[in-house]
Amino acid sequence: MYSLLNSINSSEDIKKLNNDQLGLLIDEVRRYIIEVVSANGGHLASNLGVVELTVALHKTFNTPEDKIVWDVGHQSYAHKILTGRRDEFKTLRKLNGISGFPKRDESEFDVFDTGHSSTSISSALGIAKARDLRGDKHSVIAVIGDGALTGGMALEALNHAGDFPTNLIVVLNDNNMSISRNIGGMSNYLSRIRTVPAYFKFKSDVEELLNKVPIIGNPLLKTAEKLKNWVKYLLVPGILFEELGFKYLGPIDGHNISHLEDVLKRAKSIDGYPVLIHVITKKGKGYNYAERLPEKYHGVGPFDLESGEVITKSNKRNYSNIFGNHIVSLAEKNDKILAVTAAMPDGTGLTEFSKRFKDRFFDVGIAEQHAVTFCAGLAVGGYKPIFAVYSTFLQRAYDQIVHDVCMQNLPVILAVDRAGIVGSDGETHHGVFDISYLRHIPNITIMSPKDGRDLEEMLELAVKLNSPVAIRYPRGDEPEFDIPHTAVELGRAESLKDGKDGVIIAEGRMVALAYDAAKRLKDKELEVAVINMRFIKPMDDTTLLALAQKYNKIYTIEDNVLAGGMGSGILEFYNSKDIKTNLKIFSYQDKYIKQGEIAELQQIEGMDSDNIYNSILKDLTSSK
C-alpha cells in the first residue's frame, strides 16, 4: 500500500527521487496521515495542506544539519513520517507513543519543541544567530502559518530579524489567502503607498511575471490602480516584509513540488539577509471532507474514513457546550455581555453565540495578550466581556491579567476551558498551572465547578460581580452525582457527604473522583466526608476552620500542580491561623506530563479514583 514510502527514512532518500516518484510519495504520505489520524485523532487539515512543502523542504535542504522549525507543530506529521518515524507514526498521540508536536528528545530532526503558536521565527532567529557566532554555515528555516503570523510574538520576531544581516528563511504557509487581514488593517496603508511615489514600486519579480503575460502584461502594470484588490493581495505583503528587511519571494503554489523546489533553492542561495517565502496551500488537501470543512478537521477525534463522521464516545453534555449554551441564554437577558475568543470559537463553545450576537462577538485571532487587554478596555466601557480560552493558552497573557485587568479590578470574566489534564495533545496543552498562576493575583475570584449545573450558576454569579473572575473547567463530559444540588454562593464550599474518619476537599473534575473514593471507603466501614471547594479564591474560611476542628485527617485533591495550587492555599490559610493539621495533598508533581488518554495519565500520576481510595484507606487504617 505504501511501496515508496516504506523506503524513505531520511532526507537523503528523498533526494534520490525523480518528479514522478515525488508525486507518488506525496500521495502515499497523505493517505498514511489520513489513515492514522482517523484511528488516533489529531490535527488533520493542517497536516494534509503541507505535504508537498514538507517533501520539498527535505529534498532541498540537508536535514538534520539544516534546521527546520515548525510553528505550533500541528503540521509536522509529514515531517515525522519522512524522518525515520514512519512505523512509530501509528502510535501518534498515544501513551508512550510519538507526540503530535515536534519534540527534541524524540528525534534529531525536531529542532525545537513547539505546541503554542507564533514562536518559530523567534526560536529560528536565535538558532541562526548561534550558528553565526559559532562560524557554522547551515541553513535555518522557520515554517509559520498565516494565522500564527497574527500573534504579536511573530511580528516582534520579524521586526528583530530584519535588523540582522543573517541567513534565515521564513516560509509563510498561507492556507486561507488572508495574510492582509491577519497582519492587520491594510487598506489605509495601501492608500498611503499609492500616494507616495517613493513607495509606488513593483518588486522586480512581480514585474517579470506580469510582463510575461501575453498582450495584457504591460497594460496590467499601467492600470494596477484599477486592480487594487488583486494588487493588494499580491503586492502589499511583499512591500511590508521587504520594508522590514526581508527578501520577499512569492506568492507561490504550495502544491507545485517543482516550483517549491526552485524557490527554496533560490532562497538558500541568498546570502546576508533574511528571506520570506510566501506559499499558498489548501488546508485539508487530498481528503474531501477536510477540504470542505477545514475547521472541523483541524483537531479531530477518531473518524470513519469513508463517511468522514467523527466517532463519538458519549452523548453526555460536555463543559464547553454547557458554557456556550448558557452564555447565549445569559446574553439574551443582558445586552452588556460580550464574548471574545483568540481564534477558537468552535473549540471554546462560542459558535452559537457568534451567530446569535454578531455585534457582541469578537475573534481577535491568535493574540491572547491582546484579547485580555481588549476585554479590559471593553470593561472600562461598561460591558461584561467573557474571554473563552484554553488554560494552556491563557498562560501567554499573564502580564495582561495582572496589570490590565486585576490591578484595575475590572469585571472581565475568564472562561478557562481545558483546565487540568487534557490528554493526547500532551505537555504543551495540559492546563495544570492555572490555579498557580492566578491564585496569587489580587482582586481575582477563582471558581471551579464540579458539574454543569455548578458551571451555569458560576457564570451567572460572575456576571453579577463587578470584579475579575476566572472559572476553570475541564475538557470532556460532566459527571453525574446521586445527591441534591446546593446553589452556588460566593466564597462558599459545598458539603457532598458527611463523615467522622476524615475529609476530602476537592475541586472541579476531582470532586467526582473524591466522591467515588469516599463511597468505596464506606464499604470498609470508614466514613469520609467530601467537600466541593467551588471557590479556590476566596476560600471558604469558615468551612476550613470547622474542618480543622472536626477532622484529624484532611486530604485535598486538585487538577493542578502542587506548587501554588489549592492544597498549598489551604495549608497557607491554616498556617496563617497557627492551626496544625494532618493534611495530604493529591496533585500533579513538579514535572511535565506527556500525552495519553486522561484516565491513563491520572492513573500513572496517582490521581485516579483507585489510587486516591487506596492511599486514603492505607492512611486511615494505619493510624487506627
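Bear in mind that the values in this text are calculations on the coordinates, not laboratory data. Everything numeric here is computed off the predicted structure, so don't read it as measured data. Methodologically, a virtual Cβ is constructed for each residue, glycine included, from the backbone with ideal geometry; neighbour enumeration extends over all protein chains shown.
Between beta-carbons, use under 9 Å as the cut-off and find the net charge around residue 609, counting Lys and Arg +1, Asp and Glu -1.
-2
What is the range 319-472's relative contact order, in percent, from Cα pairs under 8 angstrom and six or more apart in sequence?
22 percent
Quick check on the chain: of the DSSP beta bridges with both residues there, what percent are antiparallel, nearest 5%?
15 percent
May I ask you to sort 153, 407 by Cβ crowding, counting other Cβ atoms within 10 Å and putting the fewest first?
Listing 153, 407 from fewest to most nearby Cβ atoms yields 407, 153.
Go ahead and run the numbers for FRET between residue 351 and residue 96, Cβ-Cβ distance against an R0 of 51 Å, rounding to 0.05.
0.90
Could you go through the range 281-295 in sequence order and give the Karplus-derived ³J(HN,Hα) for each residue, using 6.51 cos²θ - 1.76 cosθ + 1.60 with θ = phi - 60°, rounded to whole Hz, and x for Gly and Pro?
Those phi angles translate into 10, 10, 5, x, 3, x, 10, 3, 5, 6, 5, 6, 10, x, 5 Hz.
What is the dipole size for the chain, taken about its Cα centre, with +1 at each Lys and Arg Cβ and -1 at each Asp and Glu Cβ, in debye to the nearest 20?
Rounded to the nearest 20 debye, it is 900 debye.
How do 485, 429 line up, fewest other C-beta atoms within 10 Å first?
In increasing order of surrounding Cβ atoms, one gets 485, 429.
Find out how many positive minus negative residues lie around residue 154, taking Lys and Arg as positive, Asp and Glu as negative, among other residues whose Cβ is under 14 Å from that of residue 154.
Summing Lys/Arg as +1 and Asp/Glu as -1 gives -4.
In whole angstrom, how far apart do the alpha carbon centroids of the range 327-341 and the range 448-497 sit?
18 Å
Listed highest first by mean packing, meaning other Cβ atoms within 10 Å per residue, what order do 75-86, 28-39 come in?
So the peptides 75-86, 28-39, ranked by packing, come out 75-86, 28-39.
Enumerate the calculated ³J(HN,Hα) couplings along the range 518-527 in order (Karplus 6.51 cos²θ - 1.76 cosθ + 1.60, θ = phi - 60°), each rounded to whole Hz, writing x wherever the residue is Gly or Pro.
In residue order, the calculated couplings are 5, 5, 6, 5, 4, 5, 9, 6, 10, 9 Hz.
What 222 nm value per residue comes from the helices of the chain, counting each DSSP H run with n ≥ 4 as -39,500 (n - 2.57) and dividing by all residues, nearest 500 deg cm²/dmol?
Value at 222 nm, helices only, nearest 500: -11500 deg cm²/dmol.
Just tell me which lysines come within less than 24 Å, Cα to Cα, of residue 333; anything on the same chain fewer than 8 places away is out.
The reachable lysines, counting only those whose Cα sits under 24 Å from residue 333, are 355, 358, 384, 464.
Counting C-alpha atoms alone, how compact is the range 560-619: give Rg to one decimal and Dmax as a whole number, in angstrom.
According to the Cα coordinates of the range 560-619, Rg and Dmax are 13.6, 41 Å.
Quick check on the range 319-472: of the DSSP beta bridges with both residues there, what percent are antiparallel, nearest 5%?
Percentage antiparallel, nearest 5: 5.
Is there a pair in 103/282; 500/584; 80/594; 15/282; 497/553; 285/594 whose C-alpha atoms are over 20 Å apart, and which pairs would that be?
103/282; 15/282; 285/594
Suppose a student asked you for the relative contact order of the chain, using Cα pairs under 8 Å spaced at least 6 residues apart; what percent would you report?
That works out to 11 percent.
Distance from the Cα centre of the range 67-141 to that of the range 392-424, in angstrom?
So the separation of the two Cα centres works out to 28 Å.
Excluding residue 574 itself, calculate the net charge of residues whose Cβ lies under 12 Å from the Cβ of residue 574, where each Lys or Arg counts +1 and each Asp or Glu counts -1.
-1
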